[in-house]
Amino acid sequence: MNTPLIKLPVKTDAGEFTAGYSATGLAGLDFPKAGRASPRAAQKAASPAKIRGWHRLTAAALKNVLAGRAANKLPPLDWAGRTEFQKSVWRQLLKISPGQTKSYGEIAKAIGKPKAVRAVGGACGANPIPVLVPCHRILAANKRLGGFSGGLDWKRKLLAGEGVSL
DNA sequence: CTCCGCCTACCAA
DNA sequence: TTGGTAGGCGGAG
């Protein structure tokens with residue numbers, strides 16, 4: 001049985017993101033979605049102090065990244081139920097600092113599976129915590145944009161905010 | 001097993 | 001430059 005996540009909003013000048021927490025950490029982050037109601041106040045009040053503490057970190061980190069700065073401190077990330085392959089890819093992403101980019105091929109090489117290039121793309125697409133786990137810093141070979149599950153507009157915007165030009 | 005994908009390298013226009 | 005293609009690998013069903 002998987003308990004539903006506790007959802008909390010993060011207001012930024014780029015819109016209201018929604019963070020989702022499990023009992024062990026931040027498990028998801030959603031881009032602002034037009035027409036989506038803000039998480040209920042009742043749910044906020046009910047959230048344990050532990051989660052509110054994580055949420056402060058999430059909110060600060062998110063604002064940092066949106067401003068082109070390093071996330072700095074992140075709450076624990078809950079990657080339960082994900083495959084080892086995906087986790088190894090995401091761990092690599094966390095090593096990339098703002099303004100840096102890597103290709104899918106480089107990530108594949110870094111995790112010791114140089115030919116799993118396309119699979120790396122799949123893992124990026126399955127990333128439940130975009131922005132903080134910076135899948136947007138992965139470009140296709142030859143520095144082309146590649147894809148982005150959250151929408152290419154976000155990818156462009158995030159990269160531009162970090163001073164990356166294509 | 002089959003199908004698909006945030007890929008790549010390569011070849012032809 | 002664009003466009004098609006085949007190889008490769010992990011994930012979902």
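Of the residues A:Gly125, A:Gly121, which is more than 14 Å from the chain's Cα centre (by Cα) and in contact (Cβ under 8 Å) with a residue 24 or more places away in the chain?
On the way: A:Gly125 fails: more than 14 Å from the chain's Cα centre (by Cα).
Result of the check over A:Gly125, A:Gly121: A:Gly121.
Filter region A:124-146 down to the residues that are away from DNA strand C (no atom under 15 Å from the Cβ) and either loosely packed, with under 15 Cβ neighbours inside 10 Å or assigned to a helix (DSSP H, G or I) (or both) and list them by number.
Of everything in region A:124-146, those that are away from DNA strand C (no atom under 15 Å from the Cβ) and either loosely packed, with under 15 Cβ neighbours inside 10 Å or assigned to a helix (DSSP H, G or I) (or both) turn out to be A:His136, A:Arg137.
Please determine, by comparing only the residues of region A:67-110 that are among the β-branched types (Val, Ile, Thr) and crowded, with 16+ Cβ neighbours inside 10 Å, which one is farthest from DNA strand C (Cβ to nearest atom).
It comes out as A:Ile96.
Among the residues of region A:78-101, is any over 20 Å from A:Asp153 (Cα atoms), free of Cβ contacts under 8 Å to residues at least 40 places away in the same chain, touching a Ser or Thr at 6+ places or on another chain (Cβ under 9 Å) and not basic (Lys, Arg)?
No, the conditions are met nowhere in region A:78-101.
Given the criteria surrounded by fewer than 16 Cβ atoms within 10 Å (Cβ to Cβ) and under 19 Å from the mean Cα position of the chain (by Cα), does A:Leu29 qualify?
no
Quick one: would you say A:Ala70 is at pLDDT 95 or above and either in a strand (DSSP E or B) or closer than 24 Å to A:Pro32 by Cβ (or both)?
Working: at pLDDT 95 or above: yes; either in a strand (DSSP E or B) or closer than 24 Å to A:Pro32 by Cβ (or both): yes.
Judged against the criteria, A:Ala70 is a match.
Which count do you get for residues in region A:147-158 that are in a loop (DSSP other than H, G, I, E, B) and within 16 Å of DNA strand C (Cβ to nearest atom)?
Residues that pass the stated criteria total 2.
The values are calculated or read from the model by the stated rules, or taken from the named source; none is laboratory data. Quick caveat: nothing in here was measured; it's all calculated off a predicted structure. With ideal geometry, Cβ positions are generated from the backbone for all residues, glycine too; neighbour counts draw on all protein chains shown.
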